[in-house]
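What follows is a short report on a single structure.
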Amino acid sequence: MTARESDARISDGQEPRELGAEEPEGHQHRSAVDGVDVAPVPRAMLRDALGSGDLVVAPGCYDVVGARVLEAAGIEAAYLTPFGFQAADAPAPHAPHDPWERYLDRARELVDAAGLAVIVDGQAGLEGNRGAAERAADAFSAGAAGFVIEDRQGFGKDRPLRTMAEVGREIATVRRELGRETTVIVRTDAVRDSLDDARARCESYLDAGADLVQPLMTRYLNYPDTPADRERRMSAYQFLLERVPADRVVAHSPTGRHLPVSEARRMGFGLYFMSQLLIASAVTGMTHEIAAVLADEPGPTPLLTPEDLATLTGVGRWLENRW
């Protein structure tokens, strides 16, 4: 399959292969936000962006301020990162006890707060015993423009992998729940064992109906960043791309430092997850600024003024009463 053909398959929202029974006309899921589907535009925006032929960068986002920062920076998509969510999560007394429900609430908040296509990780270790259909329906109701499933059994990096046939059946289930407008992404952890297996799984998952595949390249991101290690990393990607269309691949780097955006764009990748970029930069910036203030020294970078913060976050009315 050519990149042009795969672009067309993503941009027109058609499934790459029949998965059995036809989906009824007019998908019936409604958002839990005021009983209305709040996300048709972000969903279409993500599909249009993926079909444009250019790289879509999706930093990990975990709060409303981060969503508004991304929107102000011209970013179109955000990945609701389970790590960032859990690091920032402190349930209020009125909040749902179930962490999955709180996670979905955060997705709704991000969708409502900014014009971003929010991609929800559907196997975050927060979902308990919910099956694929329930998780997908929950994500749709929360306004997800994209939904990620994985091929490992349960949560944990050393968990065994399911068979390709099992994952294929889950892809069909998720596709039926999400409809055609939501982008289905399948992550494979097979790279940890074999690039050959990872490549075969990527092909299988695309054939089963996934829009994009994410080979988890952590094994190649743990090297020191030397020229030899970069070459090893890029060789692994090139091996996968011999049989998997680049524009159907989700590249990833926790902070975007392992794979320059220019290189990801040159290779033709469709989507780039930077899952911990915002939380890492926020914690780093807070740590440096606190140290500078306590030492009565200039901070490492100029801070935004209260007026700038009010404009960015949309709380100007609050500021008017206090400054």
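The values are calculated or read from the model by the stated rules, or taken from the named source; none is laboratory data. In this text the structure is predicted, and so the values were computed from the model without any measurement. Because the Cβ atoms are built from the backbone with ideal geometry, glycine has one as well, and the counts that use them run over all protein chains shown.
Cβ-Cβ distances below 7 Å connect the following pairs, each with a first residue in the stretch 307-323 that is within 11 Å of R68 (Cβ to Cβ) and not assigned by TED's automatic domain parsing to the domain that holds L110, a second residue that is modelled with pLDDT of 65 or more and part of a helix (DSSP H, G or I), and a separation of six or more residues or different chains: L312/R68; L312/V69; L312/A72; T313/V65; T313/R68; G314/R68.
Among the numbered conditions (1) closer than 22 Å to R152 by Cβ; (2) within 16 Å of the chain's Cα centre (by Cα); (3) among the polar types (S, T, N, Q), the only one that S204 does not meet is (2).
Among all residues of the stretch 74-81, there is at least one that is of a type outside the set (A, V, I, L, M) and without any contact (Cβ under 8 Å) to a residue 24 or more places away in the chain. The set of residues in the stretch 83-107 being of a type in the set (G, A, S) and in a loop (DSSP other than H, G, I, E, B) consists of A90, A92, A95.
Yes/no per residue for (1) under 23 Å from A44 (Cα atoms); (2) not in a loop (DSSP other than H, G, I, E, B):
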site	(1), (2)
R159	no, no
R169	no, yes
R176	yes, yes
R180	yes, no
I185	yes, yes
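Only one entry of R192, R180 meets the criterion of being touching a residue at least 24 places away in the same chain (Cβ under 8 Å), out of contact with any strand residue (DSSP E or B) (no Cβ under 6 Å at 6 or more places or on another chain) and more than 19 Å from A139 (Cα to Cα), and that entry is R192.
Each row is one residue, and each column tells you yes or no for (1) crowded, with 19+ Cβ neighbours inside 10 Å; (2) polar (S, T, N, Q); (3) not assigned by TED's automatic domain parsing to the domain that holds C61.
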| site | (1), (2), (3) |
| --- | --- |
| E231 | no, no, no |
| A236 | no, no, no |
| V244 | yes, no, no |
| V249 | yes, no, no |
| H252 | yes, no, no |
| T255 | no, yes, no |
| L259 | yes, no, no |
| E263 | no, no, no |
| G268 | no, no, no |
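Screening F239 on (1) closer than 23 Å to A58 by Cβ; (2) at pLDDT 95 or above shows it passes everything except condition (1). Of all the numbered requirements in (1) in contact with a helix residue (DSSP H, G or I) (Cβ under 7 Å, 6 or more places away or on another chain); (2) without any contact (Cβ under 8 Å) to a residue 24 or more places away in the chain, D158 misses one, and that requirement is (1). Just wondering, is there one or more residues in the stretch 280-295 that are farther than 30 Å from L50 by Cβ, part of a loop (DSSP other than H, G, I, E, B), in contact with a helix residue (DSSP H, G or I) (Cβ under 6 Å, 6 or more places away or on another chain) and not assigned by TED's automatic domain parsing to the domain that holds S52? There is no residue in the stretch 280-295 that is farther than 30 Å from L50 by Cβ, part of a loop (DSSP other than H, G, I, E, B), in contact with a helix residue (DSSP H, G or I) (Cβ under 6 Å, 6 or more places away or on another chain) and not assigned by TED's automatic domain parsing to the domain that holds S52. Residues A190, A208, A198: which one is crowded, with 22+ Cβ neighbours inside 10 Å, over 17 Å from G122 (Cβ atoms) and hydrophobic (A, V, I, L, M, F, W, C)? Of the residues listed, the single one that is crowded, with 22+ Cβ neighbours inside 10 Å, over 17 Å from G122 (Cβ atoms) and hydrophobic (A, V, I, L, M, F, W, C) is A198. In the set A136, A95, only one residue is at pLDDT below 95 and of a type in the set (A, V, I, L, M, F, W, C); that residue is A95. Look at (1) exposed (fewer than 14 other Cβ atoms within 10 Å of the Cβ); (2) assigned to a helix (DSSP H, G or I) and you find that P224 fails only one, number (2).
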